[in-house]
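Some notes on the structure that comes next.
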Amino acid sequence: MPIIQIKDAPDYVGQRVKIGTWLRQKRGSGKMVFLQLRDGSGFFQGVVAKADVSEEVFETAKELKQETSMYVYGVIHEDARSAFGYEMKVDHIDIIGESHDYPITPKEHGTEFLFDERHLYLRHLKPYATLKIRNTLIAATYEFFNKEGFIKLDAPLLTGSAPEGTTELFETDYFGQDAYLSQTGQLYAEAGAMAFSKVFTFGPAFRAEKSKTRRHLTEFWMIEPEMAFYDQDASMALQERYVAFLIEKVLEQNDQELDMLGRDKELLRSYTQLPFPRVSYDDAITLLQDNGFDVEWGVDFGSPEETFLANHFSKPVFIMNFPKAIKAFYMKRHPDREDVVISADLLAPEGYGEIIGGSERDTDYDYLKQRIEENGLGLEEYSWYLDLRKYGSVPHSGFGLGLERMVTFVTGEEHIREAIPFPRMTHRLRP
Ligand code: 4AD
Ligand code: MG
């Protein structure tokens, strides 16, 4: 008898098979028990009919508790009425692991409770659908950058540098030296680009964000491509192709998961139409002022401003050339203006915020040295980085895409904690 997974049920209609499963829920009458089953590959229903099975099997089915693990045996049938399309006429059950008083019952639970129980909550429909889509985005990232001729370069997570500013650092003791958990792999990606031309890093980034928002984690995953000989225009063209590719892959591979989450697929598809609009920071400020926002040139955008700007264009939108004073030290100076840098943030519509931050990188040794000092970053930590400007420096650009921001955007989740298996936020270190 074949041992299969639920996802393969369509290939076994009419055959008797064995499947390892967990019980999600159960309902029944005196004559029938309906088992809502899952196995990690999918969901379906097992039907146990008193008339067709031994008394022992029927009694076992009736007594099953939520999250009991078991092998079920029976013939697969098509079932147009069930949400998942297939069911098994169960004729035998072998219990593997019992489960008593499972805490996440079918009633409504509060969010904090569900995240206290995240190690179990992972088994439920919403996390299942969201994290499957996260996995598609990860696999599609490798596919896209392989296709584009990039190599993956792994950056260290224990570092001495703090390129994104010193206010949000996790410090640790490294055998008597001060060390930080990495905020970004970018500086290492720049070294990699000078060796391999096109590289991307993909790993966790740590930021001691004290603000509690629905867009910030203290540990998140970031994809950071870095390209030698690319100016900012070439980088933005790559960014929009990458984002469109990610959305297309999810539409192609996660139709069922998008439906489970109630995401509007036509709306998502509209975001794959390129190019994305490009607006200068200057024009964005004017647009905001004209629409009643109390903002002045020089400020960073908050969530209401970001949401307004992207919704205004009904598309992800690039905001270009931010004030130098609010951006990182490495961004390239504008050739005609002292006060702005060659950069762009990509803002997602519907309130999902900044999904990409990127820039062209300055190539001048003396200027960068001065910026590092102005920013209060210890020069000795950056001498290796400055070497990159000493030995065959070339124009180059790069960007960082926040994986969890992208997951929330694609899935339509309200809060970023849904987008990662075990979220880390100011008040949450467990499980
Ligand atoms: O804009 P950021 O800070 O850019 C960098 O770190 C650059 N070194 C990237 C580069 O040019 N290589 O972060 C990039 C992206 C943001 O656009 C956002 O999507 C995400 O990372 N991000 C966060 N996601 C979740 N929680 C946080 N606290 C985040 N901070 C940034
Ligand atoms: Mg940013």
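Values computed for the structure shown
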read-out	value
Selection within segment 199-223 - more than 10 Å from ligand 1 (Cβ to nearest atom) and in a loop (DSSP other than H, G, I, E, B)	LYS210, LYS212, ARG214
Some residue of segment 8-23 being surrounded by 18 or more Cβ atoms within 10 Å (Cβ to Cβ), within 29 Å of GLN253 (Cα to Cα) and of a type in the set (D, E, K, R)	no
Hits in segment 302-328 - residues which are under 22 Å from the mean Cα position of the chain (by Cα) and part of a loop (DSSP other than H, G, I, E, B)	GLY302, SER314, LYS315, PRO316
Selection count where residues are outside any strand (DSSP E or B) and farther than 11 Å from TRP221 by Cα, scope segment 392-406	4
Test result for PHE84, part of a helix (DSSP H, G or I), outside the structural domain of ARG214 (by TED's automatic domain parsing) and either out of contact with any strand residue (DSSP E or B) (no Cβ under 6 Å at 6 or more places or on another chain) or not β-branched (Val, Ile, Thr) (or both)	no
Residue among ALA205, ALA237 that alone is surrounded by fewer than 16 Cβ atoms within 10 Å (Cβ to Cβ) and within 21 Å of ARG361 (Cα to Cα)	ALA237
Single residue of ILE326, ILE355, ILE285 found to be more than 16 Å from ligand 2 (Cβ to nearest atom) and either out of contact with any Lys or Arg (no Cβ under 8 Å at 6 or more places or on another chain) or modelled with pLDDT of 95 or more (or both)	ILE285
Any hit, segment 214-224, residues being of a type in the set (Val, Ile, Thr) and surrounded by fewer than 21 Cβ atoms within 10 Å (Cβ to Cβ)	yes
Of all residues making up segment 330-351, the number that are buried (at least 20 other Cβ atoms within 10 Å of the Cβ), more than 14 Å from ligand 2 (Cβ to nearest atom) and outside any strand (DSSP E or B)	3
Count - residues of segment 32-46 that are in contact with a Phe, Trp or Tyr (Cβ under 9 Å, 6 or more places away or on another chain) and not in a strand (DSSP E or B)	3
Given (1) of a type in the set (Val, Ile, Thr); (2) loosely packed, with under 15 Cβ neighbours inside 10 Å; (3) assigned to a strand (DSSP E or B), number of the condition THR105 does not satisfy	(3)
Output for segment 70-108, where each listed residue is of a type in the set (A, V, I, L, M, F, W, C), at pLDDT below 95 and closer than 15 Å to LEU37 by Cβ	ALA83, PHE84
Residue among GLU240, GLU226, GLU190, GLU257 that is assigned to a helix (DSSP H, G or I), over 13 Å from GLY402 (Cβ atoms) and in contact with a strand residue (DSSP E or B) (Cβ under 6 Å, 6 or more places away or on another chain)	GLU190
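The values are calculated or read from the model by the stated rules, or taken from the named source; none is laboratory data. Keep in mind that what you see is a predicted model, and the values were worked out from it rather than measured. Cβ atoms come from the backbone with ideal geometry, glycine included; neighbour counts cover every protein chain shown.
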